[in-house]
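Below you'll find the structure, written out as structure tokens, and then a few comments.
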Amino acid sequence: MDDFANPAEPLNGSQKPQVLVIIEHQVLARTCILSILKRELTGFDIVEMATTSGLNWLSGREVRLIALNIGDKQITDPSIEDDLALVAAFCPNASVALLSNRDDEATASAAMQRGVRGFFPTSIPVDVAIAGLRLVLAGGVYRPLPIIRQNEASNLKPIPANTGATVLPVIHEGNDTTEIVPENTMVDLTPREQQVLAALKLGLPNKLIAVKLNLSENTVKMHIQHIMRKCSAHNRTEAVLRWSERLSGHNGHARSRVPSSS
């Protein structure tokens, strides 16, 4: 397969659709990602290529998102820095999403500091990754909150409600399951509202929150309304920001921005 694969025919006659780009060296992995995105993200012209050297072929096209697989490499690896520089040069208006075999906090933070809009460890489930990509396409930022391993999770002890102690908001228990737990003990929110808020911070849509928490979408919407009312927020984004500021004790930046639409 060539370094650059010709995109599909335009969907609306002479009007060219917006472009999503997959950059993955391995042919099999690239083909699998392409198949999933074509099924889940319709309406886009999805282009695949092996390296960033093919980006010059997209001159004049409206590139919305570039998904780059960095494998086991560090963000500071010179080859990754070169790739990000080429992306910025050829597609300055595109959002960048990195796929990485690393899931440590340092790598995720380093990616965010370089302007990456989405950081996707290969350890997360496909449905979570698709929800994260939709968040990035909607103008948000996706990154997993700090991850702990299954054996570490089993050693966690219950935290009394009045301690104010912090626990990690997401436990990835393998490639197939994700358990959402509250980030902090928040006495003004019910346990279920804390779980919904933790999911909102991940940028998950109502449908995915419902699946993860085994709730109906209407129940999820009800919990979101309660959260918004309790923190005097007008939308989901403001609710996440207000609770983040409250927990940190000052006005700060939320770790992920969530679009206001349900």
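What is the one condition in (1) modelled with pLDDT under 85; (2) among the polar types (S, T, N, Q); (3) open to solvent by 40 Å² or more (accessible area, probe 1.4 Å) that Q195 does not satisfy?
Just one mismatch for Q195, condition (1).
Output the qualifying pairs, or none if there are none: Cβ atoms under 7 angstrom, residues six or more apart or on different chains, first residue in segment 198-223 and hydroxyl-bearing (S, T, Y), second residue modelled with pLDDT of 85 or more and in a helix (DSSP H, G or I).
Correct list of pairs: S216/A210.
Answer with yes or no whether A85 is modelled with pLDDT of 90 or more, open to solvent by less than 40 Å² (accessible area, probe 1.4 Å), on the phi < 0 side of the Ramachandran plot and small (G, A, S).
Considered against the rule, which asks whether it is modelled with pLDDT of 90 or more, open to solvent by less than 40 Å² (accessible area, probe 1.4 Å), on the phi < 0 side of the Ramachandran plot and small (G, A, S), A85 comes out as no.
Quick check on my filter: what residues within segment 37-54 are open to solvent by less than 50 Å² (accessible area, probe 1.4 Å) and more than 23 Å from the chain's Cα centre (by Cα)?
Passing the criteria: only G54.
With respect to the numbered conditions (1) more than 11 Å from the chain's Cα centre (by Cα); (2) closer than 18 Å to L34 by Cα; (3) at pLDDT below 90, which one is the sole condition not fulfilled by E105?
(2)
Only residues that are open to solvent by 60 Å² or more (accessible area, probe 1.4 Å) and either free of Cβ contacts under 8 Å to residues at least 40 places away in the same chain or of a type in the set (A, V, I, L, M, F, W, C) (or both): list them for segment 228-240, please.
Those that are open to solvent by 60 Å² or more (accessible area, probe 1.4 Å) and either free of Cβ contacts under 8 Å to residues at least 40 places away in the same chain or of a type in the set (A, V, I, L, M, F, W, C) (or both): R229, S232, H234.
The values are calculated or read from the model by the stated rules, or taken from the named source; none is laboratory data. All of these numbers come straight from a predicted model, not from anything done at the bench. So basically every Cβ, Gly included, is an ideal-geometry build from the backbone, and we count neighbours across all protein chains shown. What goes into the accessible areas is simple: the full protein's heavy atoms, side chains included, and nothing from ligands, DNA or RNA. Shrake-Rupley method; radii C 1.70, N 1.55, O 1.52, S 1.80 Å.
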